[in-house]
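One structure is given here, and the rest of the page talks about it.
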Amino acid sequence: MIRADHIIKSFDGRIVLNDITAEFTPGITNLIIGQSGSGKTVLLKSLVGLHKIDSGNIFYNDICFNTLPFAQMKAIRKEVGMLFQGGALLDSSNVEENVRLPLDLFTNMPMDEKRDRVNFCLKRVNLGNVNHLYPAELSGGMIKRVAIARAIVLNPKYLFCDEPNSGLDPMTSVLIDNLIQEITQEYNITTIINTHDMNSVMEIGEHIIFIYKGEKWWEGTKHDILHTDNQELNDFVFASAMAKRAKAAEQQ
Amino acid sequence: MKKLFEYIGRYFILMGKVFSKPEKRTIYWQRILVEMQALGLSSIGIVAIISVFMGAVITIQMALNFESPFIPQYLIGYAARESMLLEFSSTIVALILAGKVGSNIASEIGTMRITEQIDALEIMGVNSASYLILPKIISTVIFFPFLTTLSMGIGIAGGYVLCILTGAVNPDAYITGIRYDFKPFYITYSLIKSSVFAFVITSISGFFGYYANGNSLEVGRASTQAVVISSIAILIFNLILTQLLLM
């Protein structure tokens, strides 16, 4: 479980996150949604410790993460997997080396065992025979899947995904969404996903937080989102034709 | 002025992170070998080409300046050797490598920064500064003295080839000159300088790359800054080391 407690973050005096309090439970997909520039990515990066928050606290299973000394913070980070918007695979390493990197650095497994684990994770994300390809040789969807494989290779307790569907076609997006949801349920991971893709919201939105101008504006599930009278959220949600159709179908 | 001190402060903080205890030594050794290949071995060609021409040009210039019946011809070889050993093979080669290796390091690390690869390493619990910069520093500090030695040999040989091809200097006199009054400490001095320059180039370029942010324009800017500042630092350290080691 991850809990954000009244967190505030500003850049050069400009407040980007204002008094955000939220709780993210394991085993379900927690979504942070909002318009571009609303502060979603800053919130995600603050939760994972890439941004230092101005005030408030972030708890990982009742351990106050943001006040931990660097060495202990690093220990918690080994339990964290993160999927970045562009995949963030190391360009100079091939797929196998990318996925194996956390194992190389933090385990004493023999090479055969590491290869087995890498192949298992790649198979889990439906990738085969790509071990020796470099990131430049992969498609956008494959990069995201390799990044997921790398994120889960150490059996993380926490998984953060920043815009996992950006730049992907609708079919691949659904595949990635379902994959993240399956992994979350299978390993009981605390998963937090940043997105502005309404398809994802309607597909896997088990717990949704809507961020508007740096503030938590609304909280609920994918079922609640169609019935809210929150104007800003409605403006955001029903900008998508898909959501309009979903609401119309529900009303019929 | 405030910005300069800010840069220096950030540089030393980064170096503190770079030289902190590595996660796993075996991984670092592998990376050092990879970096030696990428930054050192791949520079042999350019160092060889520059050195052979440098040696030849120095010999021509010495021949022109020493054109007098009162000056023995072997002094041309002697002066060419001293120039190569004392200055050209360490300082000029370092300035060339600041352009080649420095821009390579800054743009590689800068691109990793803007494509969130460094953030990904941090999230994994890896000390990204140490993981990315330390192997580069170690590999260049070890390999640059080898490049300097190579440059000395090829440069002096370049002068000899010029003597044979043009007849500007008697080849036997040139050989006598390069063996005349040899001081082995000059080689030690040159190798010490090249190791220091290697550290300067790699750490400064790593610093500019590591703190690059924004887009590809910023990476280009970081790369340019890395080359300019490294070159200035090389000249400053050249003066300091010469004063300390030769005076």
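Just so you know, all these numbers are worked out from the coordinates, no wet-lab data involved. What you see is a predicted model, and the numbers here were worked out from it, not measured in a lab. Glycine gets a Cβ as well: all are built from the backbone with ideal geometry, and neighbour counts include every protein chain shown.
How long are the semi-axes of the equivalent ellipsoid of the protein assembly as shown, taking √(5λ) for every eigenvalue λ of the Cα gyration tensor, in whole Å from largest down?
Details: eigenvalues 681, 100, 76 Å².
Three semi-axes, in Å: 58, 22, 20.
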- Message: Once you place label points 7 Å from the Cα toward the Cβ at A:H223 and B:L239, how far apart are they in nm?
- Response: 7.6 nm
- Measure out, as a whole number of angstrom, how far apart the alpha-carbon centroids of the range B:232-247 and the range B:160-209 sit. 16 Å
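Averaged over A:81-87, how many beta carbons belonging to a partner chain fall within 10 Å of each residue's beta carbon?
Working: counts 2, 6, 2, 6, 2, 5, 4.
If you average over the peptide's residues, the count of other-chain Cβ atoms is 4.
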- For the range B:16-94 and the range A:24-50, compute the distance between their C-alpha centroids and round to whole Å. 52 Å
- Query: Helix B:74-83 versus the longest principal axis of chain B: what angle, 0 to 90°, nearest 10, using Cα atoms?
  - Reply: 10 degrees
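How high is the relative contact order of chain B, in percent, counting Cα pairs under 8 Å that sit 6 or more residues apart? The partial results should precede the final answer.
On the way: 323 pairs, mean separation 81.7, N = 247.
Once divided by the residue count of chain B, the mean separation gives 33 percent.
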- Given springs between every Cα pair under 10 Å in a Gaussian network model of chain B, which of B:E218, B:E35, B:E67 has the largest fluctuation? B:E67
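Order the peptides A:207-218, A:106-117 from the highest to the lowest mean number of other Cβ atoms within 10 Å of their residues.
Working: A:207-218: 19.9, A:106-117: 13.1.
Ranked by mean Cβ neighbours within 10 Å, highest first: A:207-218, A:106-117.
For the residues A:R3, B:R10, what sequence is obtained by ranking on other C-beta atoms within 10 Å, fewest first? Kindly include the intermediate steps, with their values, before the conclusion.
Values: A:R3 18, B:R10 13.
Lowest count first: B:R10, A:R3.
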- For peptide B:20-28, compute the average count of partner chain beta-carbon atoms within 10 Å of each residue's beta-carbon. 2
- To the nearest 10 degrees, how steeply does helix B:103-114 sit against the main Cα axis of chain B, on a 0 to 90 scale? 10 degrees
- Within the range A:28-109, GluC sites (Glu not before Pro) in DSSP loop having at most 14 other beta-carbon neighbours inside 10 Å: none
- Query: Size of the dipole of chain A about the Cα centre, Lys and Arg at +1 and Asp and Glu at -1 on the beta carbon, nothing else charged, in debye to 20?
  - Reply: 400 debye
- Net charge (Lys, Arg +1; Asp, Glu -1) of residues whose beta-carbon lies under 13 Å from that of B:I133, B:I133 excluded, is +2
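Under a Cβ-Cβ cut-off of 10 Å, what is the net charge of the residues other than A:G27 that fall near it, where Lys and Arg count +1 and Asp and Glu count -1?
Working: positive: none; negative: A:E186, A:E206.
Combined, the nearby Lys, Arg, Asp and Glu give -2.
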- Cα-projected label distance for A:E97 with A:V174, points at 7 Å along beta-carbon direction, nm: 3.7 nm
- Task: Compute the FRET efficiency between A:L133 and B:R25 as 1/(1 + (r/R0)^6), taking r as their Cβ-Cβ distance and R0 = 25 Å, and round to the nearest 0.05.
- Result: 0.30
- Degrees separating the helix B:2-18 axis from the principal Cα axis of chain B, which is the longest one: 80 degrees
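Once the other residues with Cβ under 13 Å from the Cβ of A:Q72 are scored (Lys, Arg +1; Asp, Glu -1), what is the net sum?
Around A:Q72, the charge tally is +2.
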- Across B:A198, B:A226, B:A129, the residue with the highest GNM fluctuation in chain B (Cα network, 10 Å cutoff) is B:A129
- Note on the structure: With the 8 Å Cα cutoff and a minimum separation of six or more residues, the range A:2-222 has a relative contact order in percent of 32 percent
- Query: Simple spin-label model, 7 Å along Cα-to-Cβ: B:E67 to A:Q231 in nm?
  - Reply: 9.1 nm
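Measure up A:K9/A:K222; B:K24/B:K183; B:K3/B:K193; A:K40/B:K136 against 31 Å on the Cα-Cα distance and list the ones that go over.
Values: A:K9/A:K222 28 Å; B:K24/B:K183 43 Å; B:K3/B:K193 28 Å; A:K40/B:K136 36 Å.
Over 31 Å apart, Cα to Cα: B:K24/B:K183; A:K40/B:K136.
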- Message: Expected output is a single nm value to one decimal: the length gained when fully extending between B:V57 and B:F182, i.e. 0.36 nm times separation in residues minus the C-alpha distance. What is it?
- Response: 42.9 nm
- Task: Fewest Cβ neighbours within 10 Å first, please rank A:C121, A:C64 accordingly.
- Result: A:C64, A:C121
